[in-house]
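What follows is a set of notes on a single structure, which appears directly below.
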Amino acid sequence: MNVATDSCFIGQRGEMPDRFCSAATWERADAQWPSHEPRTLICTRVCAETHDVRSFVFSTRDGQLFSFEPGQFITVSAEIDGKEVSRCYTISSPPTRPYALSITVKRVPGGVMSNWLHENMREGLELKACGPSGLFTPCCAPAAKSLYLSAGSGVTPLMSMTRAALDLGLNRDIVFVHSARAPEDIIFRRELSHLCALSNKLRVVHICEAPGGEPAWTGPVGRLSLDLLMRHVPDYRDREVFVCGPAGYMEAARKMLREGGHDASRYHQESFNFAPPVACPPEPLAEPAVQSGFTVQLARSGRSFTMDASQTVLVAARKAGVPLPSSCSQGICGTCKTKVLEGAVDMKHNGGIRPREIEKGMRLMCCSRPTSNLVLDL
Ligand code: FES
């Protein structure tokens, strides 16, 4: 296995103007990877970031460039023990380096996909992916001063944002506070230190629960707290805050900031701690006559199936043996985003799709029920 011992992306400051505030900046190659289209990625490198975290770097098989916003994620799929398994991983590489895309994965006990990637993925192997998706991006909330808070592998979207900001030479003041169990668990430690040396606009604070294998650790010890935040980031109330980590960490961070007087409208968080998919309950329709007999045609594959309006398109497709990409099944992740070419659906999502995508005719199949016959761009 080709495992490098260094972080994959140690960047140089760019000369680009401040374009971070516009989502359009990252849309120049929009046609290259529409978020509803699966892609086959080729692994070009595997990097050991810590003892249990690796970055997997990919390119596309046909050499297309990647286009995404910093902070977004992809959904990867693999057949593991005879079953198709899909998981969301935030992209850790920046969109400013569009020839490669990396995900950074911590091996966790019982983690089906994370363990499979650690044990199997190596240079030259393929991986199916959908995306990019996600709304956790600074493009939606540009600010002169930001505070990035992360714990564990929650560092990845914030690393993409940091790398992109540095690559673009943005005039942004970023404080990056990352929590880890011990110094040896700090992901991207060396690279973040290097980026701090390159830019006086970036400051990094690492908090460790314990000195672990580094008794000489001089950084803060303990957990993120308001006291600690006030000591290291006294102007935190002036900052746009982006938080990523385990659910408990984010809940504590949100509460801490609220108690500390931070404006909740400037708080953004990411999480892939999806609850187990829940079956979408059938919703009674006003006109019982429309509950049956809708035909769904898939324009590209030529397949079709029939369904009634008591089910989501995703559930009906599965029952008909037509696999559609999906992950959360709750309208959150955006993996099942599909363009409706003809017909209409009733969609009740949970933030996994943007208004401009809806305007373009995209819908989330996991939370859409037909109100007419459909033709989908699949
Ligand atoms: Fe996540 Fe549909 S599967 S939004």
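Below are the figures for this structure:
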| read-out | value |
| --- | --- |
| Residue within region 289-307 that is hydrophobic (A, V, I, L, M, F, W, C), outside any strand (DSSP E or B) and buried (at least 21 other Cβ atoms within 10 Å of the Cβ) present | no |
| Conditions (1) within 16 Å of the ligand (Cβ to nearest atom); (2) of a type in the set (Phe, Trp, Tyr); (3) modelled with pLDDT of 90 or more; number of the one not met by Phe274 | (3) |
| Positions within region 341-378 being farther than 20 Å from Pro38 by Cβ, within 12 Å of the ligand (Cβ to nearest atom) and at pLDDT 95 or above, in sequence order | Met347 |
| Close pairs from region 362-377: first of a type in the set (Asp, Glu), partner within 13 Å of the ligand (Cβ to nearest atom) and not in a strand (DSSP E or B), Cβ under 9 Å, at least 6 apart | Asp377/His36 |
| Number of positions in region 133-161 that are under 15 Å from Thr104 (Cα atoms) and not hydrophobic (A, V, I, L, M, F, W, C) | 7 |
| Leu192 being closer than 20 Å to Ser55 by Cβ, among the aliphatic types (A, V, I, L, M) and at pLDDT 95 or above | yes |
| Leading residue by the ranking (farthest from the ligand (Cβ to nearest atom)) among those in region 310-340 that are crowded, with 21+ Cβ neighbours inside 10 Å and of a type in the set (Gly, Ala, Ser) | Ala316 |
| Condition check for Phe9: at pLDDT below 75, closer than 12 Å to Ser102 by Cα and buried (at least 20 other Cβ atoms within 10 Å of the Cβ) | yes |
| Flag for Glu49 being in contact with a Pro (Cβ under 7 Å, 6 or more places away or on another chain), of a type in the set (D, E, K, R), buried (at least 19 other Cβ atoms within 10 Å of the Cβ) and closer than 26 Å to Leu168 by Cα | no |
| Cβ pairs under 7 Å, 6+ apart, first in region 328-351 and free of Cβ contacts under 8 Å to residues at least 24 places away in the same chain and under 17 Å from Leu376 (Cβ atoms), second within 11 Å of the ligand (Cβ to nearest atom) and outside any strand (DSSP E or B) | Met347/Cys367; His349/Gly331; His349/Cys367 |
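The values are calculated or read from the model by the stated rules, or taken from the named source; none is laboratory data. Just so you know, these numbers come straight off a predicted model, no measurement behind them. Note that each Cβ is placed from the backbone with ideal geometry, even for glycine, and that neighbours are counted across all protein chains shown.
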